[in-house]
Amino acid sequence: MSRPLFQFKGGVHPPGHKAESNTRPIHAAPLPKKLVIPLRQHIGNPAKPVVSVGDHVRKGQIIGEADGYISTAVHASSSGIVTAVDLQPVPHVSGLADLCVTIETDGRDEWVAREPLDLGAPPAELRMRLRDLGIVGLGGAVFPSAVKLDPGAAQVCPTLIINGGECEPWITCDDVLMRHFADEILQGVAVMRLLLGSSEILIGIEDNKPEAIAAMQAAAAKLDFAVEIVAVPARYPAGGAKQMIETLTGKQVPSGKLSTDIGIQVFNVGTARALARAACHGEPLISRLVTVTGHVLRPQNFEVLIGTPMHTLITLAGERDGNTGVLMGGPMMGVPMPNLDVPVVKATNCVLVKSKELFPPLPKALPCIRCTRCADACPAELQPQELFRFAKAGDFGRAQEYHLFDCIECGCCSYVCPSHIPLVDFYRYAKSEIWAREKDKRASDLARERHEFRQFRIEREKKEKAEKLAAKAQAKRAELAAGADTATPAAADADANAKKALIAAALARAQAKKDEVAPKNIDNLSPDTRHEIEEIEARRAKIRELARQPLESEEKNS
Amino acid sequence: MPSPYILDRTSVTVVMAWVLAALLPGIGVYVWLFGPGILLTLSIATVTAVAAEAGMLKARGYPIKPFLGDLSAVVTAWLLALSLPSLAPWWLIVTGTLFAIVVAKHLYGGLGQNVFNPAMVGYAVLIVSFPVQMTQWAGPLELTATPLGIGQSAAIIFGADVPKSLLDAVTMATPLDTLRTGLLQQHTVDEVVRQPIFGYLGGTGFEWLAAAFLLGGLLLWALRIISWQVPLAFLVGVWLTAGFLHFFDAGRFGAPWFHVFAPSVMLGAFFIATDPVSGATTPRGKVVFGLGAGFLTIVIRTWGGFPDGVAFAILLMNLCVPLIDQYTQPRVYGEVRKEPRA
Ligand code: SF4
Ligand code: SF4
């Protein structure tokens, strides 16, 4: 551990509250009667449902197919009957319901056939398999792992970082995962290394998890490739991917770029284990470790099937009176749950039960005193007090100039603000306003474009029609005039010179035609035929005469 | 979704309470040096400030309790009281405090909105309007024959009939005044500082007061209530400017240490220039702000019309804050490549 460490700027030291939940053994949460499995459990396109009500599904069976490259499949977490494919409340920031598959479990927990992956297969094929096994990042961002395991044009990603930081207070699922499944995590790391072609593998773990560090070191010693376990100073948000990268390598991910642009890819330890289960056993991602902690009798970590309602976990951990709400995630970045029927999803690392004592209501905000404690704490090195000023004043342009979109919403600024200003809320508000405006603008741009194009098309069609009609009319008039051997009054009416020219040309053409045709058609014909023709010509002339009326009226109109 | 759900325990009240606590060593030394009169001054200023604050909050329709509870008015009162002459009449204290709270603070929008440091605005108004009363300093007890008790102090402050002989016996010019006057009378610095009012570094006794303020300031810094940039830059600004002048003409300009160890400089560096509301906010901006204030302090002391330049220097720098902030914006994470910090 002689590796030189680098310090990222900012950060805070909130009380850890890790000991509450990290000492008990992992328990498997029992099979619930009903599983509600959202089809959107990853960034990208939600999975497309491929089961319908009444279908019997088995554990690990695909119930939603990946829809496109940035998407993953979703699987049944146990066997049973599909009882609904509809909108259900889900644990999402938006608080909106989303498409879910509800499975009435049959208690048999029957697996589908599974097959380990052939690691010798072409990488692209392996990635497709991982996508179909529903592997996503379990660190919170739930990005489809197959996409992140693609080194892209560079063909190789030299540095692979495994993130065991887990800096949010209360959460310990990664800690106990490392303590108990170090070997499996490293199996997953081997697969990542294979797909990314990485030569340097670093595993960063906050130094407040000595047991996890020891377990991982013991497991790493057994490997035939080099893995460096690095203890990093415990400080929130040391487990943020960018902060972990800076701590371990001293490099900062350029603003607006991906870590792969500087040859680094980061995966959470939970993702590594899920990958190992997929590669070695052909198991899709249907369960994960969830910390249930806070205001419960027995805070601990459970292995939970995706789709299990959160309240069963709270019951399992021992519900207590005085529950004032539940967060998914930790106290710094967690999201409040609308109700406790919402299911555990792939992104659920922690179910944190609040109480008045543990989470007293936040005091009323006072005005900003420009103390810049927030700026000192901001790991994105922003000036939160300025962002706040602009967001509050509705000056979103200036907020953007001050790098609003580099804010990672870590909450450090709100945490330290002595005026208790809910700064992050203002940034979320400003961001959503800007997005809404962009969307509005895009929509209105599109509408305007569409409108303008329609106008243009109508105009063009009108013009084309008018031109055509005019030409036709002129030609006809000319023909008529030629036929009747008298100048038509309509021709005299023509006002534009161009029209006259057109007429002249048409006349000439008609004359030529007539001259050319006449001998053939008329001169050598029998009087009967000639008479017939004359009759026909007369009829035509009449029709033309008739046809001219609406033409003229139309000409007038236009 | 108001995440985060937890807060650091440091509230504005806690910050202000620490500032008050950090002033206590200074106040203690003050009492020891000049007698307990300062306690009276502090009380008058505090009562006035709290009453004015409450009145203004009510008038502006703000909730009184949370704002009054933040203690910022008390901090303003104490800073002003400690800047005033130790035997200032009560109406001077009240006028200055009222001006600080009502005009400089609330008419500029209240907590967090004021462009100028309220205590310094109060001070500036007084010294411009009442220059004579602003020089009634009690001499250090070490030098004056009759130590001034609380009763006599009260009598002087409240303007009772104090025998002129008593007043003459206890009041003295401050070292800065003395130096200024001496230099104006064409004495050299060396001649002036041989007078008993001058001690080792600053004025007799005054240097202890400066040290006590320094101690309180270091406490605030250790607690991360203030950043290091402003005080250090301020002291460096004073030292460099004074040192530069002294280097070229030691006969006409006081030694840099004498200037640095003036109580007003220490108080200004650690307690006044560090006022977050009216100061610069960026790290580099704080350095510019401090250096500028230090430089101006010496410039005003040397060539300006007032013996002490701290208040005006800080007010002038307050004026420049928007400009300083704008031109010293730090780069954000990942904005430009740079060498990693070890
Ligand atoms: S911490 Fe709060 S009060 Fe201090 S500058 Fe930031 S927003 Fe303002
Ligand atoms: S929430 Fe945003 S502005 Fe606040 S500290 Fe985190 S990154 Fe900085």
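The values are calculated or read from the model by the stated rules, or taken from the named source; none is laboratory data. Since the model is a prediction, treat every value here as computed from it, not as a measurement. Cβ: placed from backbone, ideal geometry, glycine included. Neighbour counts: every protein chain shown. We work out accessible area using only protein heavy atoms, side chains counted, and drop any ligands, DNA or RNA first. Shrake-Rupley method; radii C 1.70, N 1.55, O 1.52, S 1.80 Å.
Name the residues whose placed amide hydrogens come within less than 5 Å of the amide hydrogen of A:CYS350, ignoring near sequence neighbours (fewer than 5 apart) on the same chain.
Close amide H contacts, sequence-distant or interchain: A:THR291, A:GLY329.
Report the residues of the range B:250-284 in range of a label on A:SER255: point 7 Å along Cα→C-beta, backbone N strictly under 17 Å from it.
Answer for the range B:250-284: B:282-284.
Which semi-axis lengths, in whole Å and largest first, follow from the square roots of five times the eigenvalues of the Cα gyration tensor of the protein assembly as shown?
For the protein assembly as shown, the semi-axes come out at 75, 48, 26 Å.
Need one value for B:325-335: mean number of C-beta atoms belonging to other chains within 10 Å of its residues' C-beta atoms.
Taking the mean over all residues of the peptide, I get 6.
Over the whole of A:413-423, what's the average partner chain Cβ count within 10 Å per residue? Rounded to a whole number, please.
Across A:413-423, the average partner-chain Cβ count within 10 Å equals 5.
Within a 10 angstrom radius of each residue's Cβ in B:276-284, how many Cβ atoms of other chains show up on average? Whole number is fine.
For this peptide, the per-residue mean of nearby foreign Cβ atoms is 4.
Using the heavy atoms of the protein chains alone and a 1.4 angstrom probe, what is the accessible area of the protein assembly as shown per residue in square angstrom?
Solvent-accessible surface per residue comes out at 45 Å².
Beta carbons within 10 angstrom, averaged per residue: use that to sort the peptides A:52-60, A:212-220, A:359-367, B:229-237, highest first.
B:229-237, A:212-220, A:52-60, A:359-367
Would you work out which of B:ILE225, A:PRO169, B:THR328 lies farthest towards the positive end of the dipole of the protein assembly as shown? Charges go on Cβ: Lys and Arg +1, Asp and Glu -1.
Most positive-ward Cα: B:THR328.
Check which residues have an amide H placed less than 5 Å from A:TRP170's amide H, if you skip close sequence neighbours.
Result for A:TRP170 returns A:HIS17, A:LYS18.
A plus B alone minus the pair: what accessible area, both sides summed, probe 1.4 Å, in Å² to 100?
Separately minus together, A and B give about 4200 Å² buried.
Pop out a list of residues from the range B:3-17 that are at least 20 Å² less accessible with all the protein chains around than in their chain alone; 1.4 Å probe, no ligands or nucleic acids counted.
B:SER3, B:PRO4, B:TYR5, B:ILE6, B:LEU7, B:ASP8, B:THR10, B:SER11, B:VAL12, B:VAL15
Dipole of the range B:220-342, Cα-centred, from +1 at each Lys and Arg C-beta and -1 at each Asp and Glu C-beta, to the nearest 20 debye?
340 debye
In terms of modelled amide H atoms, which long-range or inter-chain residues lie less than 5 Å from the amide H of A:ASP98?
A:GLN88, A:VAL90
Of the accessible area of the protein assembly as shown, with the probe set at 1.4 angstrom, what percent is carbon plus sulfur?
Carbon-and-sulfur percentage of accessible area, whole number: 60.
Restricting attention to the range A:91-186, which trypsin sites (Lys or Arg not before Pro) occupy a DSSP loop and are surrounded by at most 13 other Cβ atoms within 10 Å?
Sites meeting the loop and neighbour criteria: A:ARG108.
Net charge within 12 Å of A:VAL147 by Cβ-Cβ distance, Lys/Arg positive one each and Asp/Glu negative one each, not counting A:VAL147 itself?
Counting the neighbours of A:VAL147, the net charge comes to +2.
Which residue, chosen from B:ILE298, A:LEU195, B:VAL29, occupies the Cα position most advanced towards the positive end of the dipole of the protein assembly as shown, where the dipole is computed from +1 (Lys, Arg) and -1 (Asp, Glu) charges on Cβ about the Cα centre?
B:ILE298
Take every Cα pair under 8 Å in the range B:255-323 that's 6+ residues apart, average their separations, divide by the length, and report that relative contact order as a whole percent.
Once divided by the residue count of the range B:255-323, the mean separation gives 31 percent.
What FRET efficiency, computed as 1/(1 + (r/R0)^6) with R0 = 30 Å and r the Cβ-Cβ distance, is obtained for A:ARG320 and A:ALA141, rounded to the nearest 0.05?
After rounding, the FRET efficiency stands at 0.40.
Could you sort the peptides B:10-23, B:307-320 by per-residue average Cβ neighbour count (10 Å cutoff), highest mean leading?
Ranking the peptides B:10-23, B:307-320 by packing returns B:307-320, B:10-23.
Could you grab the relative contact order for the range A:136-248? Cα pairs under 8 Å, six or more apart, rounded to a whole percent.
Value for the range A:136-248: 31 percent.
Each residue of the range A:238-252 in order: what ³J(HN,Hα) in whole Hz does its phi give by Karplus 6.51 cos²θ - 1.76 cosθ + 1.60, θ = phi - 60°, with x for Gly and Pro?
These are the phi-based 3J(HN,Hα) values: 4, x, x, 4, 5, 5, 5, 4, 5, 4, 7, 10, x, 9, 10 Hz.
Where Lys and Arg each count +1 and Asp and Glu each count -1, what net charge lies around A:THR293 among other residues with Cβ under 15 Å from its Cβ?
Every neighbour counted, the sum reads -2.
Looking at A:CYS371, A:LEU423, A:PHE453, which one has the Cα that reaches farthest to the positive end of the dipole of the range A:362-458 (charges on Cβ: Lys, Arg +1; Asp, Glu -1)?
My answer, from the dipole projection, is A:PHE453.
So what is the calculated 222 nm ellipticity per residue for chain A, using -39500 (n - 2.57) for each DSSP H run with n of 4 or more, over all residues, to the nearest 500 deg cm²/dmol?
Helix contribution divided over all residues of chain A: -13500 deg cm²/dmol.
Residue by residue through the range A:374-385, which ³J(HN,Hα) values in whole Hz follow from phi under the Karplus form 6.51 cos²θ - 1.76 cosθ + 1.60 (θ = phi - 60°), with glycine and proline marked x?
Couplings: 5, 5, 5, 8, 6, x, 8, 6, 8, 10, x, 5 Hz.
Using a 10 Å cut-off on Cβ atoms, rank the peptides B:33-42, A:469-478, A:150-159, A:455-464 from the highest mean neighbour count down.
Averaged packing, sorted descending, gives the order B:33-42, A:469-478, A:150-159, A:455-464.
Could you go through the range B:258-274 in sequence order and give the Karplus-derived ³J(HN,Hα) for each residue, using 6.51 cos²θ - 1.76 cosθ + 1.60 with θ = phi - 60°, rounded to whole Hz, and x for Gly and Pro?
4, 5, 5, 8, 7, x, 5, 5, 5, 4, x, 5, 9, 10, 9, 5, 7
About the Cα centre of the range A:26-118, what is the dipole size in debye to 20, counting +1 per Lys and Arg Cβ and -1 per Asp and Glu Cβ, all else neutral?
200 debye
When the Cα centres of the range A:33-90 and the range B:1-76 are compared, how far apart do they sit, in Å?
Answer, in whole Å: 60.
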